[in-house]
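Please read the structure below before turning to the comments.
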Amino acid sequence: MFKVVFILAALMAVSVSFAQGFGGGQPGMRSRPGGMAGGPITMLLMDPKVSDELKLTDDQKSKLADIGKTIQEDMQKAFQSAGGDPEKIRQLTTTAMDVATKSQLDILTADQRKRLQEIYIQDNGPSAILNKDVQKELGLTPEQSKKVATLQDNLMKAMGTMGEKLRSQDLDFQQFQDLIQKNSKIMDKELTSLMTDDQRKKLKEMEGKEFKRDTPGG
């Protein structure tokens with residue numbers, strides 16, 4: 001059933017990974033699956049390197065895994081209740097992920113949340129402002145936030161169209177990935193342009209200490 005936009009597959013992957021056991025993600029995994037902009041900040045917790053960087057306790061990992069099981073159940077309910085409607089599925093799963101993300105962040109300490117946000121900004125660059133907490137810290141105006149929401153909505157609609165073309169085999173997976181990366185670059189450019197110089201400077205400062213991952217094959 002590939003009528004669902006790609007981001008939903010990414011969100012489902014998050015739930016499955018957490019449900020199978022915390023830290024089940026691939027080493028070096030980015031919060032931008034396939035190069036796509038944005039994504040829940042807690043997707044980073046799938047990366048064992050991030051888990052180590054945050055010094056998560058066994059208790060925190062256990063609680064995060066429990067939330068992952070709940071996410072998976074909520075996703076399954078969303079698919080069942082949406083009747084195959086991609087837009088309805090997106091809305092239901094997005095709501096479920098918003099609730100789950102808050103629960104996940106509540107498990108972290110203030111220092112851990114701060115470091116997680118720094119890594120998220122490093123990974124996402126300008127697209128980090130899709131995150132409402134980042135918007136708030138940057139002091140985006142209501143008008144700027146509205147523009148961000150419009151850009152994000154346009155991206156999701158484009159992803160829906162691309163998902164349909166992939167399902168109908170009008171696109172192969174490599175073409176699909178290439179388009180994701182192209183759209184992400186366009187998104188980054190648009191988001192950068194709507195920020196002021198001071199906001200762009202502050203976003204860079206919010207990256208904090210560089211987070212180094214092992215290079216592929218290293």
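The values are calculated or read from the model by the stated rules, or taken from the named source; none is laboratory data. The structure displayed is predicted, hence computed values, not measured ones. Note that we place each Cβ from the backbone using ideal geometry, even for glycine, and neighbour counts take in every protein chain shown. Note: accessible area is taken over every heavy atom of the protein model, side chains too, but ligands, DNA and RNA are not part of it. Shrake-Rupley method; radii C 1.70, N 1.55, O 1.52, S 1.80 Å.
Remarks
- The lone criterion from (1) under 19 Å from the mean Cα position of the chain (by Cα); (2) on the phi > 0 side of the Ramachandran plot; (3) of a type outside the set (F, W, Y) left unmet by Q169 is number (1).
- L130 passes every criterion in (1) touching a helix residue (DSSP H, G or I) at 6+ places or on another chain (Cβ under 9 Å); (2) modelled with pLDDT of 95 or more apart from (2).
- Restricting attention to the stretch 134-158 and to residues that are touching a residue at least 24 places away in the same chain (Cβ under 8 Å) and open to solvent by 50 Å² or more (accessible area, probe 1.4 Å), the residue that is nearest to E207 (Cα to Cα) turns out to be E137.
- A128 vs. criteria touching a residue at least 60 places away in the same chain (Cβ under 8 Å), of a type outside the set (S, T, Y) and either more than 29 Å from F211 (Cα to Cα) or open to solvent by less than 80 Å² (accessible area, probe 1.4 Å) (or both): yes
- Single residue of the stretch 159-218 satisfying the filter (farther than 15 Å from V134 by Cβ and touching a Gly at 6+ places or on another chain (Cβ under 7 Å)) that is surrounded by the fewest Cβ atoms within 10 Å (Cβ to Cβ): P216
- Filter result (assigned to a loop (DSSP other than H, G, I, E, B) and modelled with pLDDT under 85) within the stretch 31-56: S31, R32, M36, A37, G38, G39, P40
Residues are listed down the side, and each one gets a yes or a no for (1) closer than 30 Å to E190 by Cβ; (2) modelled with pLDDT under 70; (3) in contact with a Phe, Trp or Tyr (Cβ under 8 Å, 6 or more places away or on another chain); (4) crowded, with 22+ Cβ neighbours inside 10 Å:
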position: A10; (1), (2), (3), (4): yes, yes, no, no
position: Q26; (1), (2), (3), (4): yes, yes, no, no
position: M29; (1), (2), (3), (4): yes, yes, no, no
position: D58; (1), (2), (3), (4): no, no, no, no
position: T101; (1), (2), (3), (4): yes, no, no, no
